[in-house]
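Written out below as structure tokens is the structure these notes cover.
The values are calculated or read from the model by the stated rules, or taken from the named source; none is laboratory data. As the structure is a computational prediction, the values presented were derived from the model and not from experiment. Here Cβ is always computed from backbone atoms with ideal geometry, including for glycine, and neighbour counts include all displayed protein chains.
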Amino acid sequence: MKNTALSHVHEALGAKMVPFAGYNMPVQYEGVTTEHETVRKGVGVFDVSHMGEFFLKGENALALIQKISSNDASKLVPGKAQYSCMPNTDGGIVDDLIIYMIAENEYMLVVNASNIEKDWNWISQHNDLNVEMENRSEEWSLLAIQGPKATEAMQSLTSVDLSNIKFYTFEITDFAGIPNVVVSATGYTGSGGFEVYVKNEDVEQLWNKVFEAGKDWGIKPIGLAARDTLRLEMGYCLYGNDIDDTTSPLEAGLGWITKFTKDFVNAEALKAQKEAGVTRKLVAFELTERGVPRHDYEIVDADGNNIGRVTSGTMSPSLGKGIGLGYVTTENSKVDSAIFIQVRKKQIPAKVVKLPFYKG
């Protein structure tokens, strides 16, 4: 089990620690609902240092990114980030990722912790373009400072105007007395805020200064359990649950990051799938009676026939009802379609809804 550079800090704070993607991670401190509400209404800090950071450099760096990713990275300029995914050759997804353009011919790719080795091997295998690649996942830490009060609470720590860092843009600047920190607005909670990338040796200083700066705003540490309920209320996909090696970006509702204006791995097959139409779709649903949907529960129709399965589910702290994502047959995917979630021996009625669940 690997530790992040802050694992000892979480333990000292009394966090409940769990193994996650090979790391010893804080799942909760005070409780999921309290932590969830802290981020929705105030400001909270996640240690997500388990995420992977790859740096690609060279005149063919963009060409390699264009080949392995589905979105069109040629639209990026320095200081802009882009959400994308890496299709595999079987119609599924190797991983979803965020691509940051640092400078001309220089990019940072942020990948999921559980996929670091798989992603590195996949990109390396396609690197016949002499692109200089560095996996710095073990050297970098990442804090996500999230919530509507994040900008105000953190402004004293940096010379850059945080309110100018718009969604999916970033700055490389001083932060908490540390030079060359990547401060980005690519959050996973739907409540605004920043992600701050620093070297491991600087992260404890960063953590302490962030909490000092945020104390008048009621800043709190937040665990991964609340991160999951927050992202689910927004309908953001989680790799390993809602998308994986067997789900196509088109089935997952990620057609908006699948650009056929360029060639990329498996583009032809995905284009054919788009033209033919998918047979199943990832939908959002809410229960219309009491209950909690969970990963892998069956989704059935009124006659009890299996029409899909739940990929993510929870009791929404903001809405006070059971919500989830799941794949269903295309004919059952329209908004307001009545579906049922098999919870043990009961079939609990639900309906397909539009995302996001939480409209803040």
Restricting the search to region 41-76, which residues are hydroxyl-bearing (Ser, Thr, Tyr) and closer than 28 Å to Gly253 by Cβ?
Ser69, Ser70, Ser74
Any idea which residue in region 214-244 is nearest to the chain's Cα centre (by Cα), counting only those that are of a type in the set (Gly, Ala, Ser) and surrounded by 19 or more Cβ atoms within 10 Å (Cβ to Cβ)?
Gly235
Being buried (at least 19 other Cβ atoms within 10 Å of the Cβ), farther than 19 Å from Asn121 by Cβ and under 17 Å from the mean Cα position of the chain (by Cα) is the requirement here; does Ser84 meet it?
no
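A quick yes/no check of all residues on (1) in a loop (DSSP other than H, G, I, E, B); (2) of a type in the set (Val, Ile, Thr); (3) without any contact (Cβ under 8 Å) to a residue 40 or more places away in the chain:
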position	(1), (2), (3)
Gly91	yes, no, no
Asp95	no, no, no
Met101	no, no, yes
Trp120	no, no, no
Gln125	no, no, yes
Glu152	no, no, no
Val160	yes, yes, yes
Just one of (1) exposed (fewer than 13 other Cβ atoms within 10 Å of the Cβ); (2) at pLDDT 95 or above trips up Lys345, so point out which.
(2)
Selection count where residues are of a type outside the set (Ser, Thr, Tyr), in contact with a strand residue (DSSP E or B) (Cβ under 6 Å, 6 or more places away or on another chain) and in a loop (DSSP other than H, G, I, E, B), scope region 337-360:
2
Can you tell me how many residues in region 5-51 are more than 24 Å from Thr151 (Cα to Cα), of a type in the set (Ser, Thr, Tyr) and touching a helix residue (DSSP H, G or I) at 6+ places or on another chain (Cβ under 8 Å)?
1
For region 166-189, which residues satisfy the criterion of being more than 16 Å from Lys80 (Cβ to Cβ) and over 17 Å from the mean Cα position of the chain (by Cα)?
Asp174, Phe175, Ala176, Gly177, Ile178, Pro179, Asn180, Val181
Of all residues in region 319-339 being under 22 Å from the mean Cα position of the chain (by Cα) and either surrounded by fewer than 18 Cβ atoms within 10 Å (Cβ to Cβ) or without any contact (Cβ under 8 Å) to a residue 60 or more places away in the chain (or both), which is farthest from Glu35 (Cα to Cα)?
Gly326
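Could you grab me the full set of residues in region 133-180 that are hydrophobic (A, V, I, L, M, F, W, C) and on the phi > 0 side of the Ramachandran plot? Steps first, answer last, please.
Here is the first cut: in region 133-180, the residues hydrophobic (A, V, I, L, M, F, W, C) are 133, 140, 142-145, 150, 153-154, 157, 160, 162, 165, 167, 170, 172, 175-176, 178.
Within region 133-180, just Ala176 meets the criteria.
Would you point out which residue out of Ile116, Ile68 is aliphatic (A, V, I, L, M), more than 23 Å from Ala185 (Cα to Cα) and surrounded by 21 or more Cβ atoms within 10 Å (Cβ to Cβ)? Before you say what the answer is, go through the steps one by one.
Values: Ile116 fails: more than 23 Å from Ala185 (Cα to Cα).
Answer to the check: Ile68.
Of everything in region 39-82 that's assigned to a helix (DSSP H, G or I) and among the aliphatic types (A, V, I, L, M), which residue is farthest from Tyr29 (Cα to Cα)? If you could, list the steps in order and put the result at the bottom.
Narrowing region 39-82 to residues assigned to a helix (DSSP H, G or I): 39-41, 61-68, 73-75.
Pick out the ones that are also among the aliphatic types (A, V, I, L, M) and you get 39, 61-65, 68, 73.
Numbers: Val39: 14, Ala61: 41, Leu62: 41, Ala63: 44, Leu64: 41, Ile65: 38, Ile68: 38, Ala73: 38 Å.
Ranking the candidates gives Ala63 first.
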